[in-house]
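**Q** My questions will all concern the structure given below.
None of the figures in this text is laboratory data; all of them are computed from the coordinates on show. Just so we're clear, the structure is a prediction, and the values are computed from it rather than from any experiment. With ideal geometry, Cβ positions are generated from the backbone for all residues, glycine too; neighbour counts draw on all protein chains shown.
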Amino acid sequence: MAEADKLNIDSIIQRLLEVKGSRPGKNVQLTENEIRGLCLKSREIFLSQPILLELEAPLKICGLSPDLQSMEQVRRVMRPTDVPDQGLLCDLLWADPDKDVLGWGENDRGVSFTFGADVVTKFLHKHDMDLICRAHQVVEDGYEFFAKRQLVTLFSAPNYCGEFDNAGAMMSVDETLMCSFQILKPADKKLFYGAGGSLGSGRPVTPPRKAKK
């Protein structure tokens, strides 16, 4: 960890950003120590973040679960921790919206549940919220609304795993709570670095949104 502290992380990030806009496939040379340092620093930052992000604006970034009755349940989840195969933490990450479902339904990922628009409406009313922002599911345009814009799915990785021709998106919220989206267009799959291959995590894959009928 001492080696990571000695690295100039800002300088490394700047070198990585310098290739933005360059021809696809241009490489940035990093030493093994620099790569290790970036990984250690990233891990430190991620593990320091709570599962529930409480922002100054009245926003809650989270998922849904049939076991979730109050935000205090999320605050009590100890971190770091492994994600279990079932239960609250699993559902917060893997439960998916489904326009054809009323209440809670089975999930074809083989883990967690699906939920209908009625679940979203009840949850927002109970907890005095206006919007749920969730992820962990590929959507073609990088973001997709559900339940009359009461829930938005964000997915920020374009060309996910080199297998999907999806865009990525980032959501910004201003001081008036106006949401705007920045779109990351997919690159040519042939030029996508590290395309293909299995994630090998033992977790269900992140499937694309089913085509609308």
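**Q** What area, in nm² and to one decimal, does the C-alpha convex hull of the stretch 145-185 cast on average over all directions?
**A** 3.3
**Q** If you look at just the Cα atoms of the stretch 99-171, how large are its Rg and its Dmax in Å?
**A** Answer for the stretch 99-171, Rg first and Dmax second: 13.3, 40 Å.
**Q** With labels modelled as points extended 7 Å from the Cα through the Cβ direction, what inter-label distance (nm, one decimal) is found for Lys185 paired with Asp165?
**A** About 1.4 nm, to one decimal.
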